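Novice: Pasting a structure below so you can have a look.
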Amino acid sequence: MKKVIIMFIAFIFVLAFFIGQCNDDSQNISYEETAEQQIEQNNIEEKSNESDEEPITSIEIPSSPIDIQELILVRKAYTVSYNKDTKCPNWVAWELTSSHADGDCPRYSKYDEDMEVPAPRATNEDYRGSGWTRGHMCPAGDNKWDAEAMRESNLLSNMCPQHASLNSGLWNVIERDCRKWAVKYGDVYIVCGPVFLNKEHETIGMNKVVVPEAFFKVILRLTPEPAAIGFIVRNNEGKKKKDQFVNTVDDVERITGMDFFPALPDSIENSVEATASLYNW
């Protein structure tokens, strides 16, 4: 009988030890793991409720306004929502990791017409002599890690007519900052695109590629704690400092009509989208 009691007590101690280990492990789950676990669960629930088309549910993918023309194209490094009316992207979204923030791949020298989008579409001839540059949404500098990714970044469906001073100035500064943040924080999730503020817009070329009045960019990180920041920049503001154009993600949503980072758990999404400060970056 004594032997049985001793064995029973030993079993209780072992069981308590393993329970304690499980509790300790649960306390070390990061914000990123928590968010990604919740997103995975949401994806499972969505798939169980849908029989035909599976939605793209990566963290960076926004929800577009329901009345917008949209063709979704998934590239190696980014996803683009293309608009056949404007001949521009509605948005371009990508995850930038620390390992993709730099690389040895040389810049692709050609700008390619995107044959996957319907004609009429943007061509190099539309830009020639227009006074506007080809402004990357997902920049070539984010794609030096892979030759195919670099080539796809130079598709005209990833570009908008952009003022030269913005392209080489403030827009380029924000792009370089995103790469620095990817190295610093491990992963950042980025969405950017054109903003059309007026009822009537300037167009360029025979294909009437629409010139945006402004551009937006929103950036999210999940570690060491979740944070997000947004920018709205006029399509001529090339020489001013970026801190003059900081917006909350909520502000950018109000201006664009889009819902950014909808795959995040609501508690994280609501918190990070309500505030924005460069001091947090």
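Novice: Within segment 106-126, restricting attention to residues that are of a type in the set (Ser, Thr, Tyr) and within 16 Å of SER153 (Cβ to Cβ), which residue is modelled with the highest pLDDT? Don't jump to the end; show me each part of the working.
Specialist: So the first thing to find is which residues in segment 106-126 are of a type in the set (Ser, Thr, Tyr), and the list is 108-109, 111, 123.
Imposing the further condition that a residue be within 16 Å of SER153 (Cβ to Cβ) reduces the set to 108-109, 111.
Values: TYR108: 89, SER109: 87, TYR111: 97.
Across segment 106-126, the extreme among qualifying residues is TYR111.
Novice: Looking only at segment 169-227, filter to residues that are assigned to a strand (DSSP E or B) and hydroxyl-bearing (Ser, Thr, Tyr); which one of those is farthest from MET159 (Cα to Cα)?
Specialist: Only one residue fits best here, namely TYR189.
Novice: So in segment 120-148, with the set limited to residues that are aliphatic (A, V, I, L, M) and touching a helix residue (DSSP H, G or I) at 6+ places or on another chain (Cβ under 6 Å), which one is surrounded by the fewest Cβ atoms within 10 Å (Cβ to Cβ)?
Specialist: ALA140
Novice: Regarding segment 241-256, can at least one residue be identified that is assigned to a strand (DSSP E or B), within 22 Å of GLY135 (Cβ to Cβ) and in contact with a helix residue (DSSP H, G or I) (Cβ under 7 Å, 6 or more places away or on another chain)?
Specialist: Looking only at segment 241-256, we keep the residues that are assigned to a strand (DSSP E or B), and these are 246-247.
Still in the running and within 22 Å of GLY135 (Cβ to Cβ): 246-247.
In the following step, the residues that additionally are in contact with a helix residue (DSSP H, G or I) (Cβ under 7 Å, 6 or more places away or on another chain) were identified as 246.
The answer is yes; a qualifying residue exists.
Novice: Report yes if some residue within segment 201-213 is under 28 Å from GLN244 (Cα atoms) and in contact with a helix residue (DSSP H, G or I) (Cβ under 8 Å, 6 or more places away or on another chain); otherwise report no.
Specialist: No, every residue in segment 201-213 fails to be under 28 Å from GLN244 (Cα atoms) and in contact with a helix residue (DSSP H, G or I) (Cβ under 8 Å, 6 or more places away or on another chain).
Novice: Now a separate question. Hey, could you check segment 88-119 for residues that are in a strand (DSSP E or B) and among the hydrophobic types (A, V, I, L, M, F, W, C) and say which is farthest from GLY257 (Cα to Cα)? Lay out the reasoning, then the answer.
Specialist: Restricting attention to segment 88-119, the residues satisfying the condition of being in a strand (DSSP E or B) are 88-97, 112.
With the extra rule that they be among the hydrophobic types (A, V, I, L, M, F, W, C), the set shrinks to 88, 91-94, 96.
Values: CYS88: 17, TRP91: 12, VAL92: 15, ALA93: 16, TRP94: 19, LEU96: 24 Å.
Within segment 88-119, the match that is farthest from GLY257 (Cα to Cα) is LEU96.
Novice: If you scan segment 55-80, which residues turn out to be in a strand (DSSP E or B), within 23 Å of MET150 (Cβ to Cβ) and in contact (Cβ under 8 Å) with a residue 24 or more places away in the chain? Before you say what the answer is, go through the steps one by one.
Specialist: Within segment 55-80, the subset in a strand (DSSP E or B) is 63, 71-74, 79-80.
Next, from what is left, pick out any that are within 23 Å of MET150 (Cβ to Cβ): 71-74, 79-80.
Once the filter is applied, which keeps residues that are in a strand (DSSP E or B), within 23 Å of MET150 (Cβ to Cβ) and in contact (Cβ under 8 Å) with a residue 24 or more places away in the chain, segment 55-80 yields LEU71, LEU73, VAL80.
Novice: Tell me the residue from GLY186, GLY205 that is modelled with pLDDT under 95 and touching a Ser or Thr at 6+ places or on another chain (Cβ under 8 Å), please. Quick ask: steps written out before the conclusion?
Specialist: Numbers: GLY205 fails: modelled with pLDDT under 95.
The conditions single out GLY186.
The values are calculated or read from the model by the stated rules, or taken from the named source; none is laboratory data. What you are looking at is a predicted structure, and each value in this text was computed from that prediction instead of being measured. Glycine also receives a Cβ, built like all others from the backbone with ideal geometry; neighbour counts cover every protein chain displayed.
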